[in-house]
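Down below is the structure, laid out as structure tokens.
The values are calculated or read from the model by the stated rules, or taken from the named source; none is laboratory data. Every value quoted in this text rests on a predicted model; they were computed, and no experiment measured them. All Cβ positions, glycine included, derive from the backbone under ideal geometry; neighbour counts span all protein chains shown.
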Amino acid sequence: MAHAAPASSASGARHTARTPRPSDVFDARTHAVAQLAVPVLGGLVYGLWAAAINRGGGPITGWNVLFGFVSAIVFAAVCVGVLRVAPMMRRELHAVLWAVFAGVAFGFIYSQADHSVLRSTMMSLAVAFGVFAVNFYRYYTHEDGAGHPVG
């Protein structure tokens, strides 16, 4: 099936239609619940992961369970803080904040497997750099200099 090409204007300029934003499937209440539920669930997974690595295949002890819960609470609290503070920053600092969060979270988990401090630091810096590069690219292409969405 053939379609007609869009007609150009008399001045020869191309007609550019504004690209519509995707519709929002969920309401504001669902987004509000998700802003708290996602960090809590992420924290629980992180705490379970930290406790499992820390016990090293040994028996589950009370201290191991406490370590997992404390790791989960700290991870979730910092994640909620980053989610609330980061959008108010410029795109460069926004990307740096997520990179620091990801680097520290990964470095802590990696250090639980009895790796040296130097190796844990180098691995967490590599992860942080990757997270920074991806986030900076995303924010640079989707926001203006003040942090407002483009388009």
Q. What number of residues within region 110-129 satisfy the criterion of being surrounded by 14 or more Cβ atoms within 10 Å (Cβ to Cβ) and not aliphatic (A, V, I, L, M)?
A. 7
Q | Close pairs from region 56-67: first in a helix (DSSP H, G or I), partner surrounded by 11 or more Cβ atoms within 10 Å (Cβ to Cβ) and not basic (Lys, Arg), Cβ under 8 Å, at least 6 apart | A | Asn64/Ala51; Asn64/Asn54; Val65/Ala51; Phe67/Ala50; Phe67/Ala51; Phe67/Asn54
Q. Quick check, is Gly81 assigned to a helix (DSSP H, G or I), under 30 Å from Thr141 (Cα atoms) and either polar (S, T, N, Q) or touching a residue at least 24 places away in the same chain (Cβ under 8 Å) (or both)?
A. no
Q: Answer yes if at least one residue in region 63-86 is at pLDDT 90 or above, more than 20 Å from Val38 (Cα to Cα), more than 20 Å from the chain's Cα centre (by Cα) and of a type outside the set (A, V, I, L, M, F, W, C), and no otherwise.
A: yes
Q: State all residues of region 83-107 that are among the hydrophobic types (A, V, I, L, M, F, W, C) and surrounded by fewer than 17 Cβ atoms within 10 Å (Cβ to Cβ); if no residue qualifies, say none.
A: Leu83, Val85, Met88, Met89, Leu93, Val100, Val104
